[in-house]
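Taking it in order: structure first as structure tokens, then the write-up.
Nothing in this text is a laboratory measurement; each read-out follows from the coordinates by a stated rule. Just so it is clear, the structure is predicted and the values come from calculations on it, not from any experiment. Note: ideal-geometry Cβ built from the backbone for every residue, glycine included; neighbour counts use all protein chains shown.
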Amino acid sequence: MNSFDKTSKNNIRGGGIDITTNKALNQQLDPALLRQALALIHSAQRIAVIAHEHPDGDCLGSALGLAHILGQVGKTCVIACADPAPGNLAFMPGIDKLQHTLDNEDYDLVIALDAGELSRFGSLYQKHQAFLERVPILNIDHHLSSSGCGNVNIIDPISAATAELLVLFQQQAKLPLNKDAALCLLTGIITDTSSFQFTNTTARTLEASAVLLRAGAVPETVVQPIYRTRPLAQMRFQSLVISNAQTSCNGRLIWSQATDATLAIAGATPDMDDNFSGLLRDIEGVEVAVFFKSYGDPNITRLSMRSAAPYNAAEICQRIANGGGHARAAGGTLHLPIDAATKLVITELERIMCT
Ligand code: AMP
Ligand code: MN
Ligand code: MN
């Protein structure tokens, strides 16, 4: 199946989607693009559905949701991600089958979700680079900075979550939607909107969620483990990050750090730091918040950025931190110790924000 050319992009970038004209959920995608995506799926039997590294509720919920959908039409789907699933997503049906490699690479198709660059799939990409370069790929994503890593790329930055885009896909392609698929997709939407609080929530996000509720998904199943009942270690970890925060530009810029030492003091695990940058951003007067973390290798620092208009987090992370994301929420990775990475990023933000 080498006839696909990954360099000729077939993207929709919002242009194929019109959420202002009250179009039905099953009329949102460019029909030609949908046909191309379905042709890839129809000609495949064994499909690897992959989620980006350092996974979140959207990439894993989307991967599992799509696997449950395609399983109902007779496809054999394997879900894979470089890193383990956060413990608070254990309720998602099928998460126990998550793989961390593409084993012997016997897949006819890879569906790459919630990221638009193969490098975002971390060790899955490093381990299987030659395979990923030759296998047909369907890429479905909602990031502004996505370049599209598939033979067919369905990229829609208007979607609050990749899971929202998958509901449009399922509706328009008339694919079956069972309760397990619906719960996983609802997890993606709830986590990427922080329970419909973020500005990425549109009427269409709510309509897609209503479809999932009608199919049997119960919001409480998602919200209770993710936003309510959290481990004490996570709350201790959070309080350390908040108390160590520093500010600049009269409190408009805030940042904090975490390392293995922070985890040890709190008794926490790395997956417990989800949305710490959002927590910092919600402090009164803050316009840009950055959470820096370095676990394991002290020469690698990852950062998570949240911003208010006019600051474009995706642009800043892409330009200075080998990253990307959305205008209001983005991230990146620097091959620097945490203090050097912090200095580099904060110096640039102070230049943009305080001068
Ligand atoms: P996070 O701060 O990890 O919640 O990420 C915020 C958003 O930016 C998410 O949608 C991520 O998928 C995206 N993102 C994080 N890191 C990167 C990166 N290195 N490159 C591109 N996008 C990223
Ligand atoms: Mn994600
Ligand atoms: Mn997402």
Legend entry - Local net charge near residue 328, Cβ-Cβ under 12 Å (Lys/Arg +1, Asp/Glu -1): -1
Legend entry - Size of electric dipole in the chain: Cβ of Lys, Arg +1 and of Asp, Glu -1, about Cα centre, debye, nearest 20: 420 debye
Legend entry - Contour minus Cα-Cα distance for residue 348 and residue 309 (0.36 nm per residue): 12.4 nm
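Structure shown: which of 75/174; 127/293; 23/179; 23/174 lie over 18 Å apart, alpha-carbon to alpha-carbon? Numbers along the way, then the final one.
Values: 75/174 16 Å; 127/293 24 Å; 23/179 25 Å; 23/174 16 Å.
From 75/174; 127/293; 23/179; 23/174, over 18 Å: 127/293; 23/179.
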Legend entry - Overall dimensions of segment 10-227 as given by Cα atoms, namely Rg and Dmax in Å: 15.5, 46
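With each run of n ≥ 4 DSSP H residues scored as -39500 (n - 2.57), what mean residue ellipticity at 222 nm is computed for the chain after dividing by its residue count and rounding to the nearest 500 deg cm²/dmol?
Values: 13 runs with 131 residues, N = 355.
Rounded to the nearest 500, it is -11000 deg cm²/dmol.
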Legend entry - Per the chain, cysteines lacking a partner by the 4.7 Å Cβ criterion: 59, 77, 81, 149, 184, 317
Inset, instruction - For segment 229-293, restrict the atom set to alpha-carbon positions and state the Rg and Dmax in Å. - result: 11.6, 35
